[in-house]
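The block underneath contains the structure these notes are about, expressed in structure tokens.
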Amino acid sequence: MITALLLDLDNTLLENDMEDFIPTYLKRLGAYMADMVPPDRFITELLHGTQAMMENLDPTVSMEQAFAETFYPALGLPESVVRPQIGDFYTTVFPTLHTLTTRRPEAEQLVQSALEAGIEVAIATNPLFPRTAIEQRLAWAGVPVERYNYALITSYEYSHFSKPHLEFYAEILGRLGKSPHEAAMIGNDPEDDLAPAQTMGMSVFHVSRSPLDAFPGGQLIDVIPWLERVTNQNHPEAANHSKIILARLRGYLAALISMVTSLDEKIWTRRPTDDQWAPIEIVCHLRDVEKEVTLPRVKTILTETDPHLPPFDTDRWAEERDYIHQSSPDALADFIQVRKQTISLLTTLNMEDWSRSARHSLFGPTTLTEVVNIATEHDLIHLAQMRSALESKVV
């Protein structure tokens, strides 16, 4: 059953000819910044910064950080000087670009119908713009954030990957705590929106007057009837592809970072109920499972012939190791470090390595691919748990 709807923005919810919009946007932004940097040079470095965002696959680096690390040094000006004026542009000039776009009345109907049906709605636009630029375009589309309670809006401040990377979709699923078969991606671009989402195991819908044969499609008004009849099943053979597994390892780490960054210490240690874990306990659990179970198992399978993998009772560690009183920054940093070690090791493997066998105490004969895939499913369980803990009203 589909419980989460991922919606592209430009040319899906909002009619927006990007071949006209982007050049006009760049021209006006360059002119606005001309007192600091010549427009041609400013635009050139802006595009280089955008390219850095599009190439980023580091789950610890947000789109905003990837952009800043390239853009501001190239200008030779402090970020503290340039950034406020760019912010002023989005307040004073960017709103005038709405004349280049056209509202699609069906967009409001789609969002409203989905929410009324109990389906969560996430705005899954390419996160190459700051949040304000995305919120403004949502308003132009007639579906403003003030009116609709979106589960998630991707933007360069909080997202770590761009389309069409599989990691972009894995991060969204992680932040929502949803399995791929619970989500559907609605978009107009087969390469950026549909193919990667489908590869991740999601249902997809091509918003087009002439949808491609490879995807179900039609107009926005056709989405809800399609959702009522679509059946998305688990596809374990797809989930076991090494590229998908690596995307999930990166994307789920990025999702966790986004969820807990800047948490107040009181929230870190708040348990929704007496028998549920607080955020610090979830992160400590993920850290110790990665450090003492997942990574050692990967190394064992790669170095031994058909090894036996013993079971672990990891749930009891929360109380035994007093997770609730551990340092949240240290726990998160340690998990990031060991997860990056796992990713680094797995990225060096060939298909034969991924197929190496082992014997699991509970699951019987298995492979490295299956073992790591199970680890990513374990991630998702606890990301859903984290989301629930953070949204809890308990104080």
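The values are calculated or read from the model by the stated rules, or taken from the named source; none is laboratory data. Since the model is a prediction, treat every value here as computed from it, not as a measurement. Cβ sites come from the backbone with ideal geometry, for glycine too, and all protein chains shown count toward neighbours.
Any idea which of 316, 339, 359 is surrounded by 12 or more Cβ atoms within 10 Å (Cβ to Cβ), charged (D, E, K, R) and either over 23 Å from residue 246 (Cβ atoms) or out of contact with any Lys or Arg (no Cβ under 9 Å at 6 or more places or on another chain) (or both)?
Values: 316 fails: surrounded by 12 or more Cβ atoms within 10 Å (Cβ to Cβ); 339 fails: either over 23 Å from residue 246 (Cβ atoms) or out of contact with any Lys or Arg (no Cβ under 9 Å at 6 or more places or on another chain) (or both).
That would be 359, the only listed residue that is surrounded by 12 or more Cβ atoms within 10 Å (Cβ to Cβ), charged (D, E, K, R) and either over 23 Å from residue 246 (Cβ atoms) or out of contact with any Lys or Arg (no Cβ under 9 Å at 6 or more places or on another chain) (or both).
Counting just the residues of the range 142-159 that are surrounded by fewer than 20 Cβ atoms within 10 Å (Cβ to Cβ) and aromatic (Phe, Trp, Tyr), which one comes out farthest from the chain's Cα centre (by Cα)?
Among those that are surrounded by fewer than 20 Cβ atoms within 10 Å (Cβ to Cβ) and aromatic (Phe, Trp, Tyr), it is 148.
Considering only the range 1-28, how many residues are part of a helix (DSSP H, G or I) and either crowded, with 19+ Cβ neighbours inside 10 Å or of a type outside the set (A, V, I, L, M, F, W, C) (or both)?
Matching residues across the range 1-28 total 7.
Limited to the range 87-137, what total is found for residues that are assigned to a helix (DSSP H, G or I), under 30 Å from residue 55 (Cβ atoms) and touching a residue at least 60 places away in the same chain (Cβ under 8 Å)?
The number of residues fulfilling the criteria is 6.
State all residues of the range 330-377 that are under 12 Å from residue 253 (Cβ atoms) and either assigned to a strand (DSSP E or B) or modelled with pLDDT under 95 (or both); if no residue qualifies, say none.
none
Across the range 296-329, what is the number of residues that are part of a loop (DSSP other than H, G, I, E, B) and either free of Cβ contacts under 8 Å to residues at least 40 places away in the same chain or out of contact with any strand residue (DSSP E or B) (no Cβ under 7 Å at 6 or more places or on another chain) (or both)?
13
Right, residue 368: hydrophobic (A, V, I, L, M, F, W, C), surrounded by 19 or more Cβ atoms within 10 Å (Cβ to Cβ) and in contact with a helix residue (DSSP H, G or I) (Cβ under 9 Å, 6 or more places away or on another chain) or not?
It is true that residue 368 is hydrophobic (A, V, I, L, M, F, W, C), surrounded by 19 or more Cβ atoms within 10 Å (Cβ to Cβ) and in contact with a helix residue (DSSP H, G or I) (Cβ under 9 Å, 6 or more places away or on another chain).
Conditions: (1) exposed (fewer than 15 other Cβ atoms within 10 Å of the Cβ); (2) not in a loop (DSSP other than H, G, I, E, B). Residue 68 meets all but one. Number of the miss?
Failed condition: (1).
Return the total of residues in the range 129-141 being farther than 24 Å from residue 56 by Cα and surrounded by fewer than 18 Cβ atoms within 10 Å (Cβ to Cβ).
Residues meeting the conditions: 1.
Which count do you get for residues in the range 284-329 that are within 25 Å of the chain's Cα centre (by Cα) and basic (Lys, Arg)?
2
Tell me which residues, restricted to the range 53-65, are surrounded by 18 or more Cβ atoms within 10 Å (Cβ to Cβ) and assigned to a helix (DSSP H, G or I).
If the condition is that a residue be surrounded by 18 or more Cβ atoms within 10 Å (Cβ to Cβ) and assigned to a helix (DSSP H, G or I), then 53, 63, 64 are the ones that fit.
Filter the range 52-86 for residues that are in contact (Cβ under 8 Å) with a residue 40 or more places away in the chain and not hydrophobic (A, V, I, L, M, F, W, C) and give the result.
Restricting attention to the range 52-86, the residues satisfying the condition of being in contact (Cβ under 8 Å) with a residue 40 or more places away in the chain are 53-54, 56-64, 67, 77, 81-82, 85-86.
Those that are in contact (Cβ under 8 Å) with a residue 40 or more places away in the chain and not hydrophobic (A, V, I, L, M, F, W, C): 56, 58, 59, 60, 62, 64, 85.
Determine, yes or no, whether residue 154 is within 29 Å of residue 222 (Cα to Cα) and at pLDDT 95 or above. Break it down into steps so the answer makes sense when it comes.
Values: within 29 Å of residue 222 (Cα to Cα): yes; at pLDDT 95 or above: yes.
Yes; evaluated as a whole, the condition is true for this residue.
With respect to the numbered conditions (1) aliphatic (A, V, I, L, M); (2) over 24 Å from residue 345 (Cα atoms); (3) modelled with pLDDT of 95 or more, which one is the sole condition not fulfilled by residue 224?
Failing condition for residue 224: (3).
In the range 257-283, which residue that is of a type in the set (S, T, N, Q) and in a loop (DSSP other than H, G, I, E, B) is farthest from the chain's Cα centre (by Cα)?
Filtering the range 257-283 for residues that are of a type in the set (S, T, N, Q) and in a loop (DSSP other than H, G, I, E, B), the one farthest from the chain's Cα centre (by Cα) comes out as 273.
Given the criterion surrounded by fewer than 22 Cβ atoms within 10 Å (Cβ to Cβ), outside the structural domain of residue 369 (by TED's automatic domain parsing) and more than 21 Å from residue 342 (Cα to Cα), identify the matching residue among 176, 194, 212, 263.
212
Quick one: in the range 378-395, of everything that is within 25 Å of the chain's Cα centre (by Cα) and outside any helix (DSSP H, G or I), which residue is nearest to residue 253 (Cα to Cα)?
392
Taking the stated definitions as given, is residue 44 over 14 Å from residue 71 (Cβ atoms) and either at pLDDT below 95 or among the hydroxyl-bearing types (Ser, Thr, Tyr) (or both)? Steps first, answer last, please.
Working: over 14 Å from residue 71 (Cβ atoms): no; either at pLDDT below 95 or among the hydroxyl-bearing types (Ser, Thr, Tyr) (or both): yes.
For residue 44, the condition - over 14 Å from residue 71 (Cβ atoms) and either at pLDDT below 95 or among the hydroxyl-bearing types (Ser, Thr, Tyr) (or both) - is not met.
Name, by its number, the condition in (1) surrounded by fewer than 13 Cβ atoms within 10 Å (Cβ to Cβ); (2) modelled with pLDDT of 95 or more; (3) within 30 Å of residue 255 (Cβ to Cβ) that does not hold for residue 99.
(3)
What about residue 50, is it in a helix (DSSP H, G or I), out of contact with any Lys or Arg (no Cβ under 6 Å at 6 or more places or on another chain), closer than 21 Å to residue 164 by Cβ and hydroxyl-bearing (Ser, Thr, Tyr)?
Spelling it out, residue 50 is indeed in a helix (DSSP H, G or I), out of contact with any Lys or Arg (no Cβ under 6 Å at 6 or more places or on another chain), closer than 21 Å to residue 164 by Cβ and hydroxyl-bearing (Ser, Thr, Tyr).
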